[in-house]
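Peer 1: Mind having a look at this structure? Questions to follow.
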Amino acid sequence: MTTRHLVDPERLGPLDRETLLAYAIPVARDDYDPRDVILYALGVGAGLSAEIDETNFLFERRLQALPTMALVLGTPGFWPMDPKSGLDWPNILHGEQRLKLFAPLDPDGTLIGETRVTDLADKGPGMAALVRAAKQVRTPGGTLVAEASETWVVRGAGGFGGARDLPGESLPPVPQRDPDYEIVLPTSRAQAATYRLSGDRNPLHIDPATARAAGLDRPILHGLSTMGVVARALIHACCAGNAAALREIALRFTAPVYPGETIRTQIWQDGPALHFRADVVERAVRVIDNGLADQSLF
């Protein structure tokens with residue numbers, strides 16, 4: 001994510017590699033029901049568009065769970081806020097997010113998530129460190145439901161040594177032609193306040209003082225809430241409103257969204273593969289790029 005943030009020079013220093021790798025990220029168990037599914041959908045803006053019917057994400061009688069809800073299920077909140085993690089959480093930016101579903105999410109159930117740090121990269125002394133964490137979400141019986149990975153940019157935390165880049169393939173750019181679909185969806189001014197009730201209590205998204213300390217005018221929308229808005233756009237444009245047909249989604253965050261702004265998602269379809277990017281309409285700022293998704297039925 002490229003945005004203007006202020007780095008506190010007193011907090012700068014190399015990432016404590018040993019402390020982070022030794023930190024036991026809590027295993028999280030979520031017993032959820034239709035109320036939680038509806039609350040999550042509201043937190044990613046479902047129901048705000050006057051042009052798109054999203055009753056199936058908000059009405060318990062024929063409820064669909066959005067696939068991106070797997071990102072908040074089985075997650076112990078924003079765990080870098082625990083001082084024992086060794087991470088300087090105010091200097092963390094969300095860089096990339098990936099999600100793969102192995103089964104559609106039920107509108108109620110119990111899921112258990114285990115998260116671990118898998119890779120680190122060092123951009124050099126005084127530069128950023130990259131942290132990749134992966135999560136597996138399973139039923140109590142052990143059936144794998146989803147896998148997710150996220151990459152964080154920790155400002156000023158380089159200099160601990162090691163590889164300069166994370167392993168794995170980079171996300172591809174979108175095609176060099178006009179998009180096949182374009183979906184414009186609003187967000188609400190209260191969207192970050194609603195989304196945080198699904199588990200991410202990072203004060204950057206609710207507290208004006210924390211936002212100002214980070215060099216922002218006001219609290220920003222969670223990156224994963226923005227991702228949920230874009231996933232809804234993909235579902236409506238390419239999956240005929242069937243949430244279970246969106247089986248995989250990955251993207252790069254490039255700038256924050258402020259609650260109340262409008263998100264325009266552009267989509268290129270190549271068979272089951274979907275390429276996409278998203279902009280904030282009011283500021284003409286790209287907020288998501290290099291998006292790649294897979295739409296097919298289980």
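Peer 1: Tell me yes or no: at least one residue of region 224-232 is assigned to a helix (DSSP H, G or I), modelled with pLDDT of 95 or more, of a type in the set (G, A, S) and more than 21 Å from R277 (Cβ to Cβ).
Peer 2: No - not one qualifying residue is present in region 224-232.
Peer 1: Within region 103-117, is there a residue that is on the phi > 0 side of the Ramachandran plot and free of Cβ contacts under 8 Å to residues at least 60 places away in the same chain?
Peer 2: So far as region 103-117 goes, no, none of its residues is on the phi > 0 side of the Ramachandran plot and free of Cβ contacts under 8 Å to residues at least 60 places away in the same chain.
Peer 1: Looking at L87, L63, L73, can you tell me which residue is surrounded by 15 or more Cβ atoms within 10 Å (Cβ to Cβ) and over 22 Å from L101 (Cβ atoms)?
Peer 2: L87
Peer 1: Looking at the structure I just gave you, is I288 in contact with a Pro (Cβ under 7 Å, 6 or more places away or on another chain) and in contact (Cβ under 8 Å) with a residue 24 or more places away in the chain?
Peer 2: So I288 fails the test.
Peer 1: May I ask you to list the residues in region 176-198 that are under 30 Å from A41 (Cβ atoms) and either assigned to a loop (DSSP other than H, G, I, E, B) or among the aliphatic types (A, V, I, L, M) (or both)?
Peer 2: P179, D180, I183, V184, L185, T187, S188, R189, A190, A192, A193, L197
Peer 1: Does D207 satisfy being within 16 Å of the chain's Cα centre (by Cα), of a type in the set (D, E), more than 16 Å from A46 (Cα to Cα) and surrounded by fewer than 21 Cβ atoms within 10 Å (Cβ to Cβ)?
Peer 2: no
Peer 1: Name the single residue that is farthest from R212 (Cα to Cα) among those in region 57-73 being outside any helix (DSSP H, G or I) and within 14 Å of the chain's Cα centre (by Cα).
Peer 2: For region 57-73, the residue satisfying everything is L66.
Peer 1: Looking only at region 127-153, how many residues end up being farther than 30 Å from N56 by Cβ, small (G, A, S) and out of contact with any Leu (no Cβ under 7 Å at 6 or more places or on another chain)?
Peer 2: Within region 127-153, residues that are farther than 30 Å from N56 by Cβ, small (G, A, S) and out of contact with any Leu (no Cβ under 7 Å at 6 or more places or on another chain) number 3.
Peer 1: Being touching an Asp or Glu at 6+ places or on another chain (Cβ under 7 Å), touching a residue at least 24 places away in the same chain (Cβ under 8 Å) and under 22 Å from Q64 (Cα atoms) narrows it down to one of R247, R264, so name that one.
Peer 2: Of the residues listed, the single one that is touching an Asp or Glu at 6+ places or on another chain (Cβ under 7 Å), touching a residue at least 24 places away in the same chain (Cβ under 8 Å) and under 22 Å from Q64 (Cα atoms) is R247.
Peer 1: Run down G162, G158 and say which single residue is part of a loop (DSSP other than H, G, I, E, B), surrounded by fewer than 21 Cβ atoms within 10 Å (Cβ to Cβ), in contact with a strand residue (DSSP E or B) (Cβ under 7 Å, 6 or more places away or on another chain) and touching a residue at least 60 places away in the same chain (Cβ under 8 Å).
Peer 2: Going through G162, G158 in turn, the sole match is G162.
Peer 1: Could you tell me which numbered condition P90 fails, if it satisfies all but one of (1) in contact with an Asp or Glu (Cβ under 9 Å, 6 or more places away or on another chain); (2) over 16 Å from D36 (Cα atoms); (3) assigned to a strand (DSSP E or B)?
Peer 2: P90 satisfies every listed condition except (3).
Peer 1: Can I ask one more? Scan region 199-206 and tell me whether some residue there is in contact with a helix residue (DSSP H, G or I) (Cβ under 9 Å, 6 or more places away or on another chain), assigned to a helix (DSSP H, G or I) and under 24 Å from L292 (Cβ atoms).
Peer 2: Among the residues of region 199-206, not one is in contact with a helix residue (DSSP H, G or I) (Cβ under 9 Å, 6 or more places away or on another chain), assigned to a helix (DSSP H, G or I) and under 24 Å from L292 (Cβ atoms), which makes the answer no.
The values are calculated or read from the model by the stated rules, or taken from the named source; none is laboratory data. Because the structure is a prediction, the values reported are computed rather than measured. Every residue, glycine among them, receives a Cβ derived from its backbone with ideal geometry; neighbour counts consider all protein chains shown.
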